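Engineer: This is the structure I have questions about; it appears just below.
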Amino acid sequence: MDSLAALALPDLWDRLTGTQPGPALWVVLATLAAALAVVVPHGLWRISRNAITIAHEGGHGLIALLTGRQLTGIRLHSDTSGLTVSRGKPYGLGMILTAAAGYTAPSLLGLGGAALLAAGRITLLLWAATALLVVMLVMIRNAYGVLTVVLAGGAFLLVSWLTGPQVQAAFAYAVVWFLLFGGVRPPFELQLKRSRGGAGDSDADQLSRLTHVPAGLWLFLFHAVTLSSLIGGGRWLLAV
């Protein structure tokens with residue numbers, strides 16, 4: 001048993017740190033189309049948006065921890081809303097960065113994923129995503145949130161361990177395209193809600209109260225980050 005473990009560990013390490021061949025251009029374009037197909041139609045978006053909410057709330061939680069705040073819990077709801085609660089000063093840079101992280105997190109994760117795929121680090125991307133979901137699961141505080149994170153993590157785990165390199169590559173590209181396209185839509189939805197007098201306690205409005213900068217400027221920042229990530233990440237993914 002010990003000898004098998006000694007042989008397996010170097011192999012696992014080589015897979016994690018090594019590079020893997022990227023898919024053919026038609027696969028990249030097919031995964032692009034698949035991502036659009038679950039982001040653009042309203043009916044499918046109501047379901048797929050749950051994955052964007054995971055990234056959104058995970059972004060709040062990660063930045064809260066990195067800025068020294070105490071993360072007390074994350075909730076994900078069936079209407080695709082979410083809530084991340086952290087303790088610490090209700091003002092200052094840490095609070096501002098935590099509030100700003102939500103709408104930008106899916107796109108920035110997509111951009112980082114695109115960079116890894118452009119470097120051929122497909123296995124590293126899949127395992128890193130699985131690890132982040134496992135860490136997030138510890139902080140989930142409601143049953144629906146546990147279910148969605150377990151399903152997402154299970155999908156990454158199954159693809160990582162039970163499929164071949166080409167399937168893993170296609171899955172990784174589909175996920176990154178989804179994050180890039182899916183990250184663009186929520187700021188536009190927020191802008192529409194605010195134009196109708198809703199979402200008065202949105203992240204943009206909280207940031208406005210924290211910084212005395214108009215919420216519209218924070219919305220502009222969200223748009224700038226998500227669209228820039230889509231353009232930059234898309235260029236990396238298409239450079240096959």
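The values are calculated or read from the model by the stated rules, or taken from the named source; none is laboratory data. In this text, all values refer to a predicted model and were calculated from it rather than measured experimentally. Cβ: placed from backbone, ideal geometry, glycine included. Neighbour counts: every protein chain shown. Surface areas here come from the heavy atoms of the whole protein model, side chains and all, with no ligands, DNA or RNA. Shrake-Rupley method; radii C 1.70, N 1.55, O 1.52, S 1.80 Å.
Engineer: Just checking, which of Leu109, Leu76 is modelled with pLDDT of 95 or more, open to solvent by less than 80 Å² (accessible area, probe 1.4 Å) and over 18 Å from Gln206 (Cα atoms)?
Structural biologist: Unique residue meeting the criteria: Leu76.
Engineer: Still on this structure, please answer the following. What are the residues in the range 136-167 that are under 14 Å from Arg75 (Cβ atoms) and either assigned to a loop (DSSP other than H, G, I, E, B) or modelled with pLDDT under 95 (or both), if any?
Structural biologist: Within the range 136-167, Arg141, Asn142 meet the criteria.
Engineer: Report, by residue number, each residue of the range 190-217 that is closer than 19 Å to His60 by Cα, open to solvent by 40 Å² or more (accessible area, probe 1.4 Å) and assigned to a helix (DSSP H, G or I).
Structural biologist: The answer is Gln206, Arg209, Leu210.
Engineer: Moving to a separate point now. Scan Val159, Val146 and give me the residue that is β-branched (Val, Ile, Thr) and farther than 24 Å from Ala24 by Cα.
Structural biologist: Unique residue meeting the criteria: Val146.
Engineer: Could you please let me know if Val38 is in contact with a Ser or Thr (Cβ under 7 Å, 6 or more places away or on another chain), at pLDDT 75 or above and either of a type in the set (Phe, Trp, Tyr) or open to solvent by less than 80 Å² (accessible area, probe 1.4 Å) (or both)?
Structural biologist: yes
Engineer: Here is a follow-up. Restricting to the range 81-98, and then to whatever is hydrophobic (A, V, I, L, M, F, W, C) and open to solvent by less than 70 Å² (accessible area, probe 1.4 Å), can you tell me which residue is nearest to Arg49 (Cα to Cα)?
Structural biologist: In this case the residue turns out to be Val85.
Engineer: So, one more: Residue check: is Val134 over 30 Å from Leu221 (Cβ atoms), of a type in the set (Val, Ile, Thr) and within 15 Å of the chain's Cα centre (by Cα)?
Structural biologist: Taking the combined requirement at face value, the residue satisfies it.
Engineer: Tell me which of these Leu108 doesn't satisfy, since it passes every other one: (1) over 21 Å from Thr53 (Cβ atoms); (2) in contact (Cβ under 8 Å) with a residue 60 or more places away in the chain; (3) not small (Gly, Ala, Ser).
Structural biologist: Result: Leu108 fails condition (1) only.
Engineer: Is there any pair with a first residue in the range 180-208 that is under 19 Å from His42 (Cβ atoms) and a second that is of a type in the set (D, E, K, R) and open to solvent by 50 Å² or more (accessible area, probe 1.4 Å) whose Cβ atoms are under 7 Å apart and which are 6 or more apart or on different chains, and what are they?
Structural biologist: These pairs meet every condition: Ala199/Lys193.
Engineer: Please list, ordered by first then second residue, the pairs with beta carbon atoms under 8 Å, 6 or more apart or interchain, first in the range 135-156 and farther than 21 Å from Ile63 by Cβ and in contact (Cβ under 8 Å) with a residue 60 or more places away in the chain, second exposed (fewer than 14 other Cβ atoms within 10 Å of the Cβ) and not aromatic (Phe, Trp, Tyr).
Structural biologist: What qualifies is Tyr144/Ser78.
Engineer: Against the definition (open to solvent by 40 Å² or more (accessible area, probe 1.4 Å), assigned to a helix (DSSP H, G or I) and farther than 21 Å from Leu108 by Cβ), how does Arg185 come out, yes or no?
Structural biologist: So Arg185 fails the test.
Engineer: Does Gly59 qualify as being at pLDDT below 85, of a type outside the set (Phe, Trp, Tyr) and open to solvent by less than 40 Å² (accessible area, probe 1.4 Å)?
Structural biologist: No, not satisfied.
Engineer: Might you let me know whether the range 26-33 holds any residue that is at pLDDT 95 or above, surrounded by fewer than 13 Cβ atoms within 10 Å (Cβ to Cβ) and either part of a helix (DSSP H, G or I) or of a type outside the set (D, E, K, R) (or both)?
Structural biologist: Within the range 26-33, one or more residues are at pLDDT 95 or above, surrounded by fewer than 13 Cβ atoms within 10 Å (Cβ to Cβ) and either part of a helix (DSSP H, G or I) or of a type outside the set (D, E, K, R) (or both).
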